[in-house]
4 protein chains.
Amino acid sequence: MKQEKGYSVRTDLALEAHEMNVKNDPSSSDSDGVEVLEKEVHDIKTTYVTVDQAGAERIGKKAGHYITLESQAIRKQDTELQVNLAKVVSGQLRKVLSDSGIKESDRCLIVGLGNHLVTPDALGPLVTEKVLVTSHLFELQPETVQEGYRPVSAVTPGVMGLTGIETSDMVHGIIEETKPDFVIVIDALASRSINRINATIQLSDTGIHPGSGVGNKRKEISKETYGIPVISIGVPTVVDAVTITSDTIDYVLKHFGREWKEKDSPSQALSPALNPFERKTLTEEDHPTDEQSQAVLGMFGQLEEAEKKQLIKEVLTPLGHNLMVTPKEVDTFINDMAHVIASGINGALHPGVEDGEAQSYSR
Amino acid sequence: MKQEKGYSVRTDLALEAHEMNVKNDPSSSDSDGVEVLEKEVHDIKTTYVTVDQAGAERIGKKAGHYITLESQAIRKQDTELQVNLAKVVSGQLRKVLSDSGIKESDRCLIVGLGNHLVTPDALGPLVTEKVLVTSHLFELQPETVQEGYRPVSAVTPGVMGLTGIETSDMVHGIIEETKPDFVIVIDALASRSINRINATIQLSDTGIHPGSGVGNKRKEISKETYGIPVISIGVPTVVDAVTITSDTIDYVLKHFGREWKEKDSPSQALSPALNPFERKTLTEEDHPTDEQSQAVLGMFGQLEEAEKKQLIKEVLTPLGHNLMVTPKEVDTFINDMAHVIASGINGALHPGVEDGEAQSYSR
Amino acid sequence: MKQEKGYSVRTDLALEAHEMNVKNDPSSSDSDGVEVLEKEVHDIKTTYVTVDQAGAERIGKKAGHYITLESQAIRKQDTELQVNLAKVVSGQLRKVLSDSGIKESDRCLIVGLGNHLVTPDALGPLVTEKVLVTSHLFELQPETVQEGYRPVSAVTPGVMGLTGIETSDMVHGIIEETKPDFVIVIDALASRSINRINATIQLSDTGIHPGSGVGNKRKEISKETYGIPVISIGVPTVVDAVTITSDTIDYVLKHFGREWKEKDSPSQALSPALNPFERKTLTEEDHPTDEQSQAVLGMFGQLEEAEKKQLIKEVLTPLGHNLMVTPKEVDTFINDMAHVIASGINGALHPGVEDGEAQSYSR
Amino acid sequence: MKQEKGYSVRTDLALEAHEMNVKNDPSSSDSDGVEVLEKEVHDIKTTYVTVDQAGAERIGKKAGHYITLESQAIRKQDTELQVNLAKVVSGQLRKVLSDSGIKESDRCLIVGLGNHLVTPDALGPLVTEKVLVTSHLFELQPETVQEGYRPVSAVTPGVMGLTGIETSDMVHGIIEETKPDFVIVIDALASRSINRINATIQLSDTGIHPGSGVGNKRKEISKETYGIPVISIGVPTVVDAVTITSDTIDYVLKHFGREWKEKDSPSQALSPALNPFERKTLTEEDHPTDEQSQAVLGMFGQLEEAEKKQLIKEVLTPLGHNLMVTPKEVDTFINDMAHVIASGINGALHPGVEDGEAQSYSR
């Protein structure tokens, strides 16, 4: 792939990897090793992506199952939507556990990756603070543990810059010592797309690669490295200036593409843009033709996404301006997202925690 | 002005307002009411902008004096540079006070604007936490106050969303009650340019307009409203996606412009780009010709800055993607900047605080 | 009074002042200007103390109404009890407002006293962060305000050590400028008794004296100083070593007193001490006779409370050991208490906030 | 020992254990297995306690070396004294390392015990945040590491209530995985004496027992359990009401004891109490005779310390009033102490860090 020499369009989200692949090679389809199913309930869009070995090679993501939840609950600071989102996280996580052959009594280790001193990277540590921890009760006061709970531990290994230790090594040492039956690992991700920040949650049975998004040679946290199932929960919380620019230019192109199409269309009067209460969306189909792209954006408009990003990166990086940024409301967003995920985990791990109460179990 | 109907290119920085004006109307010059002086010492660039009444109308900034300090001390997390920057803040602030007719014994009220719960907006509250406060000692234990100190108070009025009260009204009430001789007000600003975030400090004798950058109808904090000198210290800490994209596109154009020029130039061998230790910079002179701009960026490349921003804004806003963002390292950046500014204020207000010690007086 | 020359047994709680008075002069009774009513519902003990002018002189508290709520909800970290406590705060506060002639549409200013950087003193600032603020909506977007809400503002004036300004002056300036109809002021108090820390809430229509507990000459915040009703909410959060010691010695005496009585009593078999599930309590009636006191504690056992405290203070203070302390769990206790009080205030001020929902309105 | 059945007078400080032993059995002396050396420089008192096997049995502390530093630097919030204290920590720690046979290039693991959410227990986590961490640089970028530095890692294992995992197990897992040559472990302790809170630092080569002070059955962190040297740094940050009362009663007795003695002494005119600038201290020699004790404090005055504490505990505990408390200024005290210890560790571990600069290396 061209981009290998240039800007890495690598993404932690399988859904994005698949979409990029389809975009670059429109002839490819689900039958080529990637299966995609979508549903949308109560403003939450859920996408199931299943990747087999062939698909893994094509889209550059490990074979396995990926579930992507998309919701504006956090960015809209809508408490009711957040309660619903937590329930969906809970339900989907329960399904992932069950599909991974994990039993109701299996012992869980929750690992919150990230740096608690850097707010947009503090999601993992905040989730471990908020989940219901029970292992020590099973060990020391088994008589106090009610039906419907399982042994759960939670650790916050920190980041290598603060500990001096490879994160995956630290987790390995803890697993070797405490012998859990499976691991749930939570991490903040770099986003490949401006619209996913704090708006997407990916559950997967493939584990994760800490820091992989930013070019570090850290080691994998997965079933392959630890020998037990590793379920990952990832949320994009930061994005770089290259991505913001590239995304925006893409939106500009689609904007013109749609305008040109609508000019020829009698339905313009019903265009969503005229309804002030409905948020406009632009889709791949709005992309203009190559000629139109060139007219609007010249040579730049004709570049592939990867080429475009590579060019922007080459310009911004030596200037010191390829900042990694996060929304201004980062303190609230990260705290709310941690609450949603912790509630979801509590509900999924302990049948004794009713869906309706999962929230209040989250500290 | 065209932009009045569209994207506000209004900026809190007089230097930027002046640059935009010159760019849009290259025939205008300093003699038209704006006087600009520059100097650079120890990696800190200081620009003095003096605006008279005629200039005020031309560039849309109040008549008065503006001093802009530019430094990478915070973004590079370089402690030594930060100590130097604090000394420069101190020296320049002392000059502004003296030019405003403020005497060494005059009583000062420091006002830290912003929301302490939103990290990129917490600069003002953090500075008031860190400055040296003495008014109560002058009042209650005058015998304990040494030579070289003046009465200083410091308040954090909060933001209207948390207090329910117009910030300028709250400050007015406190001034009426405590009768200071002058005010220093600190605020985090929205930046108009990606390279200024946490890298620019503006001192001014014109006061400020809380929230003016984001279209709120809050009232002015200035000599006109309070009847006493109001010195403002502002630092850009956030930027929106429109600005990031527009800035980046501009860098791309200049990048090509420079490349084209250098192709014809024998001096290419000495180009800074070849020195890996020197950060590349691009200047206005690198802008390509109109034909070149069109080739590279089509129709888009020929838009004025304001038009370009207006277009991008029209596309991003209905999508919900014109995020206001801040660098990922926001926690460290804001804390370090608050320390620099508090040290600078301590040194400027109290001759008894030696430059070398101003740092340690900042809590 | 003896204690005037010695250890101040002054207390911010009227209930304590009354109890001390009765203890020192058992012949005094309610009919002498202090009326006391008690009730206990759901583990929350509510005491109404009404002080008239004669009573004010006798117990050293301003004439007015005082409501004391006693509950272990915070110290036991019992969420359910805390929800109940918030409802009781809400109901009692509603009564105080109504008795003070405050109408449902009257405009409220909430003042959170204390230092947000000192956790046990951060109760006031935390409450102002958590209450529902609406004044700006009534002013700027009146169409968005539903029935059942009133205009409420909230400010955090800080402490004189951080601002350099007398707190009551700052509040006065804000009141002059914003003209509220009444004030609710929240403050953390020094406790006179170990068992009240984070376990007592006092509502009163007499206002409060910031810092009065620690001998500072700060000014009053009350109807007398501001001309509008000032409702105060106070919670003891710290205690000094003198008080801990004095209280404990008192408990030791009562412990022996009870033991001696029980020796002669056939009911010993039913003594609460034998029921391990019931927390023991000791009452004034358990106090031993003077002879017994001397046998147990010598000369010390015969001192009046004020003399005892004065002696302990004379010994500890020059040693630097009269520490002001707070329970180890201070972070949780203060945060939970702020949540309870903010929920109570929201429910009392806005009929539109249902009791059941008041909690979720607290941020 | 009597106290075994009653109030545990067990202490984490060897110096205290020794003092208690001498007090209970005045015939015992250093030659019986405990060697004590004292020196005082610049307001910092340093005591070296060496315990051999015989001494270990007598005082109930493990055989080994204990260094106790006593200073008011933190409680007086005196920055200059704190800088000096950090230098003394550094020097003494260097000595302990050298005496333990640790070489300059040996790899260190720093373990910060405690709960970062409970301020008085957050000392360990704060120190690990502040120390200079280098292991990853030695591993990944060895060319960037200068002379005078050694590989140092730092972990914050958390507390069992938050992780569900026995702390010593977690540390064991990390040691097994990362194979350091020695460990430095930092912990906040419960104090046995009101005057030690935030005023004493104990260095030791015997390791520590997490939570041992509060009766938990956690496992030891020591050379015996891990097979490599474990240096411990402990600071008393909390104290219970029993101790405060018992200490205070003891001070009262000594106060009277001294007064009686001084009455008969011609030197009264030179008594320190007359010098208002010198803080009074009371010593063991001030204790009154048994008859005097009985006169002052009756039966109570004649109890042994352990009996007294046991009695107070029996009275307070069933009442729910044996609170564990910390000074009101806990936020500042813990942060300053963490800074002092982190600076001391940096200076001791890395000869490349000059004493004068150790402070600025602490983040």
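Throughout, read-outs are computed from the coordinates displayed, never taken from laboratory work. Remember, it's a predicted structure, so these values are computed and weren't measured experimentally. Positions of Cβ are backbone-derived with ideal geometry, glycine not excepted, and every protein chain shown enters the neighbour counts.
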Practice prompt. Measure nothing fancy, just the Cα-based angle from helix A:167-178's long axis to the longest principal axis of chain A, in degrees from 0 to 90, nearest 10.
Written response: 30
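Among the DSSP beta bridges whose two residues both lie in chain C, what percent are antiparallel, rounded to the nearest 5?
DSSP beta bridges in chain C are roughly 60 percent antiparallel.
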Worksheet item: Convex hull over the Cα atoms of segment C:277-324, averaged projected area in nm²?
Response: 5.4
Worksheet, complete the sentence: Taking a ≥ b ≥ c as the square roots of the eigenvalues of the Cα gyration tensor, with a/c under 1.5 meaning rounded and otherwise prolate when a/b exceeds b/c and oblate if not, segment B:77-172 is oblate
Item to complete: Note down the relative contact order for segment D:11-81 as a percent, whole number, built from C-alpha pairs under 8 angstrom at least six residues apart.
Response: 27
Worksheet item: Antiparallel DSSP bridges in segment A:108-264: what percent, to the nearest 5?
Response: 20
Worksheet, complete the sentence: Quick P(r) readout (the protein assembly as shown; Cα-Cα; 10 Å bins; whole %) gives 1, 7, 14, 19, 21, 18, 11, 5, 3, 1, 0, 0
Worksheet item: Rounded to the nearest 500, what is chain D's calculated 222 nm mean residue ellipticity when only DSSP H runs of at least 4 contribute -39500 (n - 2.57) each, over all residues?
Response: -12000 deg cm²/dmol
Discussion item. For chain B, set up a GNM with springs between Cα atoms under 10 Å and report which of B:Gln82, B:Gln302, B:Gln92 has the largest fluctuation.
Written reply: B:Gln302
Worksheet item: At A:Lys76, with labels set 7 Å past Cα in the Cβ direction, how many nm apart are the copies from this one, shortest first?
Response: 4.0, 4.6, 6.0
Discussion item. Which aspartates and glutamates, if any, have their Cα less than 14 Å from the Cα of A:Lys95, not counting same-chain residues under 8 positions apart?
Written reply: A:Glu104, A:Asp205
Discussion item. List, shortest first and in nm to one decimal, how far the label point of D:Gln146 (7 Å from Cα along Cα→Cβ) is from its counterparts in the other copies.
Written reply: 3.3, 6.0, 6.4
Worksheet entry | Alpha-carbon spread of chain D, three principal axes, descending order, Å | 73, 44, 42
Worksheet item: Alpha carbon centre of segment B:87-126 versus segment D:147-200: separation in Å?
Response: 42
Discussion item. Between D:Asp331, D:Asp290, D:Asp181, where does the largest GNM mean-square fluctuation fall for chain D, given springs only between Cα atoms within less than 10 Å?
Written reply: D:Asp290
Worksheet, complete the sentence: Ranked by GNM mean-square fluctuation in chain A (Cα springs under 10 Å), the top entry among A:Asp205, A:Asp25, A:Asp121 is A:Asp25
Response to the item:
Of the residues A:Leu162, A:Val51, A:Val340, the Cα lying farthest along the dipole of chain A towards its positive end, which is defined by charges on the beta carbon of Lys, Arg, Asp and Glu, belongs to A:Leu162
Fill in: Inter-copy spacing of B:Lys263 label points, which lie 7 Å from Cα along Cα→Cβ, given in nm from shortest upward
3.2, 10.6, 10.9
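Does segment B:139-201 come out rounded, prolate or oblate by the C-alpha gyration tensor, with a ≥ b ≥ c the root eigenvalues, rounded set by a/c under 1.5 and, if not, prolate when a/b is larger than b/c and oblate if not?
It is oblate, given that a/c is not under 1.5 and a/b is not larger than b/c.
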Discussion item. Within 10 Å of each Cβ in C:134-146, how many Cβ atoms from other chains are there, averaged over the peptide?
Written reply: 2
Worksheet item: Given the protein assembly as shown, what percent of its DSSP beta bridges are antiparallel, to the nearest 5?
Response: 60
Item to complete: Let me know the mean shielding of C:232-239 by other chains, meaning the per-residue number of their Cβ atoms within 10 Å of its Cβ.
Response: 1
Worksheet item: Going down the list A:Lys45/A:Lys223; A:Lys61/A:Lys223; D:Lys39/D:Lys130, which pairs span over 18 Å between their C-alpha atoms?
Response: A:Lys45/A:Lys223; D:Lys39/D:Lys130
Discussion item. Given the rotation relating A and D, tell me which residue in A puts its Cβ closest to the axis and the distance in Å.
Written reply: A:Gly173, 2
